[in-house]
2 protein chains.
Amino acid sequence: MMEKLILHEDARSGNCYKIRLTAALLGIPIERRNYDIMKGETRAREFLDTVNANGRIPVLQVGDRFLPESNAACWYLAEGSELIPGGRFARADMLRWMFFEQYNHEPNVATLRFWYYFIGEQNLSDAQRAQVPAKRAGGEAALALMDEHLGINAFMAGPSASLADIALYAYTHVCEAGGFRLRDRHHICAWLDRIAALPGYVAMV
Amino acid sequence: MMEKLILHEDARSGNCYKIRLTAALLGIPIERRNYDIMKGETRAREFLDTVNANGRIPVLQVGDRFLPESNAACWYLAEGSELIPGGRFARADMLRWMFFEQYNHEPNVATLRFWYYFIGEQNLSDAQRAQVPAKRAGGEAALALMDEHLGINAFMAGPSASLADIALYAYTHVCEAGGFRLRDRHHICAWLDRIAALPGYVAMV
């Protein structure tokens, strides 16, 4: 029996959506508390003191304990379920794609979505503008690697959907809001359809 | 019985060192193949085709399979050992710090070490120079969060050393090469000593 679960989130964040999608696919009930990151609500003193000293969402609250980092929260929910592969190598390979997501994918694909879709191009600082070309190239490289991998594998790790798919789905399926194009990434497009057809799937908004 | 393990690495990389340190603490023998990232040896066609299409080291070769991403490789080696906590929450909390390392720590602390110590300040591009202030602030924030956490916990996750400690130790203990100062981070300094005293510990070089 799991302790009471509360997701501290901003519903527009793909990182928060990962946790909702994992919980939905597993049929785990989860309460939601919303914060507006655009208003700095996760940098408020009370949030820093009680929820996450790192000032970021999502945070999964488990009873009276707090677990930041989206992919760690997904792992907590999914342990022992079919969303984590049974074999030792496949399990590590799933984590491989989850670390890839946080290092190569999210800082490029998610950040450009945030900058263009939420902040707005005209409001970007000079420092942000200077980083756009590198983030564009990094995001394209991450999407190209995924597309190549999905050309020979139905899912990112193992024979069925795992947390690696959930982690990468969250920002890939909305990447066009950041100026990326999916139309020529045929294998990614087919994979997006496979994820959206999973029993229990919920949309981001 | 584990399959034959080969670490594809550049010995100067902290990400590669994480895997060597994990293997050493667990007494797991591991073969090493060195590549010079400064000469682009991990972007060569053969490396991309056989070892890692993402063009990065480290990669842990397990028999004839290849596992990129340092923290995933550490997980593969450590499954079932005392380097991964036994409790469900503690295990997820360990992963939380490992994702934090790849998202908040490595891109700042490791990158500035690479830029200042290996590339050299006078050789930085304008684009790199423009990113230094943000990376300095991000790295200081990551170190401050660690120092605060280690003021009330002997190790990053759980009551004893885990993969979270190994992941964060790798670039923290050499962060001064990137212009960070450890002398006022007393809790980090004491923790570095605790890690270096672990049975089986090996130094980076």
Local net charge near B:R12, Cβ-Cβ under 15 Å (Lys/Arg +1, Asp/Glu -1): +2
Under the convention of a label 7 Å out along Cα→Cβ, give the distances in nm from B:G40 to the same position in every other copy, shortest first. 4.5
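Please give the FRET efficiency for B:M2 paired with A:D184, using the beta carbon to beta carbon distance and R0 = 45 Å, rounded to the nearest 0.05.
On the way: r = 41 Å, r/R0 = 0.91.
E between B:M2 and A:D184, to the nearest 0.05, is 0.65.
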Largest first and in whole Å, give the semi-axes of the stretch B:1-145's equivalent ellipsoid, each being the square root of 5 times a Cα gyration tensor eigenvalue. 27, 22, 11
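What value, in deg cm²/dmol to 500, does the helix sum -39500 (n - 2.57) over DSSP H runs of n ≥ 4 give at 222 nm once divided by the residues of the protein assembly as shown? Intermediate results must be reported in sequence, preceding the final value.
Numbers: 14 runs with 178 residues, N = 410.
Taking each H run of at least 4 residues, the total per residue is -13500 deg cm²/dmol.
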Less than 12 Å Cβ to Cβ from B:R181, Lys/Arg counted +1 and Asp/Glu -1: what total charge do the surrounding residues give? -1
Using a label point 7 angstrom from Cα along Cα-to-C-beta, what distances in nm, from shortest up, separate A:E140 from the other copies? 3.5
To one decimal in nm, how far is B:E121 from the same spot in the other copies, if labels go 7 Å from Cα toward Cβ? Please give the shortest first. 3.7
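If you add up the charges near A:N108, with Lys and Arg at +1 and Asp and Glu at -1, over every other residue whose beta carbon is less than 9 angstrom from its beta carbon, what do you get? Don't jump to the answer; show the numbers that get you there.
Numbers: positive: A:K135, A:R136; negative: A:E106, A:E140.
Combined, the nearby Lys, Arg, Asp and Glu give 0.
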Once phi is turned into θ = phi - 60°, what whole-Hz ³J(HN,Hα) does the Karplus curve with 6.51, -1.76 and 1.60 give for every residue of the stretch B:157-166, x standing for Gly and Pro? 9, x, x, 9, 5, 9, 4, 4, 5, 4
Applying the Karplus parametrisation 6.51 cos²θ - 1.76 cosθ + 1.60 with θ = phi - 60° to the phi angles of the stretch A:65-70, what ³J(HN,Hα) value in whole Hz is obtained for each residue in order, glycine and proline being reported as x? 9, 10, 10, x, 6, 3
With θ taken as phi - 60° and the coefficients 6.51, -1.76 and 1.60, list the Karplus ³J(HN,Hα) couplings across the stretch B:114-129 in order, rounded to whole Hz; mark glycine and proline as x. 4, 5, 7, 8, 9, 7, x, 4, 5, 9, 5, 6, 4, 4, 5, 4
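Highest first, please rank the peptides A:192-204, A:174-186 by the mean number of other Cβ atoms sitting within 10 Å of their residues. Walk me through the intermediate numbers first.
On the way: A:192-204: 13.0, A:174-186: 15.7.
Ranked by mean Cβ neighbours within 10 Å, highest first: A:174-186, A:192-204.
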Could you pull out every residue, at least 5 positions away or on a different chain, whose amide H is within less than 5 Å of the one on A:R32? Hs are placed 1.01 Å off N in the peptide plane, and Pro or chain starts have none. A:L7
Evaluated at q = 0.08, 0.09, 0.12 Å⁻¹: base-10 log I(q)/I(0), Debye formula over Cα of the protein assembly as shown: -0.40, -0.52, -1.00
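If you stretched the chain out fully between B:R194 and B:S125, how much longer would it get, using 0.36 nm times the residue separation minus the C-alpha to C-alpha distance?
Numbers: separation 69, 0.36 × 69 = 24.84 nm, distance 3.81 nm.
This chain segment gains 21.0 nm when fully extended.
Only the coordinates and a few stated rules stand behind these numbers; no lab work does. From a predicted model like this one, the values you see are computed outputs, not experimental measurements. For neighbour counting, all protein chains shown are included, and Cβ atoms are generated from backbone atoms with ideal geometry for every residue, glycine included.
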